């Protein structure tokens, strides 16, 4: 607009001189820019991203589910139209992300809800280099919302496991996945909380919370630290519209690694149990029990003929340590019990009527038919 206005008002000769001056100035500016050295010290996450993205894949799943036509619930309708009393099948599709964690064997970690879409599933994996592979479902665990896939492919790049027990609130983190089916996307943020529980998302909750944007389609993707190491599997978001509002959750890498090992070995998770029901020790409950501390796990019930009962554990006991590790809440104790192997012996430090005692409890198989896993531990 300024050049146009100047052009209208000025004679042609003067205009030519102005353009000549402007062209010279532009050339001088371009030469000056070329002469300015580009600093290699500019902060960038590109090296970390380059290290990780080759190991994050897109997952597409198709299957079928049984659906019941509402009209079929009417006996008159079925008889009048001579309709068979059989459910219909409907095709369903899902999409998400996954992380290659074993390049030699082609193992991929993802979320259970990404691959649990119905019967007759077909799972397709697309790599960063656009190669497509049919994946085999090795095993899945609904309680931790994790699943392991396997593809037969060469020249894969794995994302190395980090130690999720060593991360801290405030650490930087990157989320890599396939949000909204757009293709690989990288977002950044920090670890905003650790040990999130009580969300009702999964049976066993010990989430890493991050404000790195996680949106639908990121499920099963990688949460990595600034070394490019896997610290979590992105699994859930909290938001009124189903989109990112800065609160996302990931399953810690140490849990994911342990679950993956069992799924590869057994095809499912054989959780241990000692036969107790637990409740967090709140300050009010601690005061009622005459305890000065409010961290620990309160045993509210002991199953008859269980390992805990045989070891002398009683209702009202407060577990403050397990195998010399401090117990702050039910989630910590539950995780240690449920991921122990059958036959292991757990050493529990207990407060009973304010007195410290120690008991040794062998881990038994999870009797899920008698004791639902979310109630008994």
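The values are calculated or read from the model by the stated rules, or taken from the named source; none is laboratory data. All figures in this text were calculated on a predicted structure; none of them were measured in a lab. A quick note on method: Cβ atoms are made from the backbone with ideal geometry, for glycine too, and the neighbour counts reach across all protein chains shown.
Residue-wise test of (1) assigned by TED's automatic domain parsing to the domain that holds residue 358; (2) farther than 30 Å from residue 140 by Cβ; (3) at pLDDT 85 or above; (4) over 25 Å from the mean Cα position of the chain (by Cα).
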{"position": "264", "(1), (2), (3), (4)": "no, no, yes, no"}
{"position": "287", "(1), (2), (3), (4)": "yes, yes, no, yes"}
{"position": "296", "(1), (2), (3), (4)": "yes, yes, yes, yes"}
{"position": "320", "(1), (2), (3), (4)": "yes, yes, yes, yes"}
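Mind checking which strands (runs of 3 or more DSSP E) fall wholly inside region 253-350 and carry at least 1 residues that are in contact with a strand residue (DSSP E or B) (Cβ under 6 Å, 6 or more places away or on another chain), surrounded by 17 or more Cβ atoms within 10 Å (Cβ to Cβ) and touching a residue at least 60 places away in the same chain (Cβ under 8 Å)?
On the way: elements: 276-280, 297-302, 318-322.
In region 253-350, the matching strands (runs of 3 or more DSSP E) lie at 276-280.
If we scan region 328-340, do we find a residue that is at pLDDT 90 or above and either more than 23 Å from the chain's Cα centre (by Cα) or not assigned by TED's automatic domain parsing to the domain that holds residue 214 (or both)?
No, region 328-340 has no match at all.
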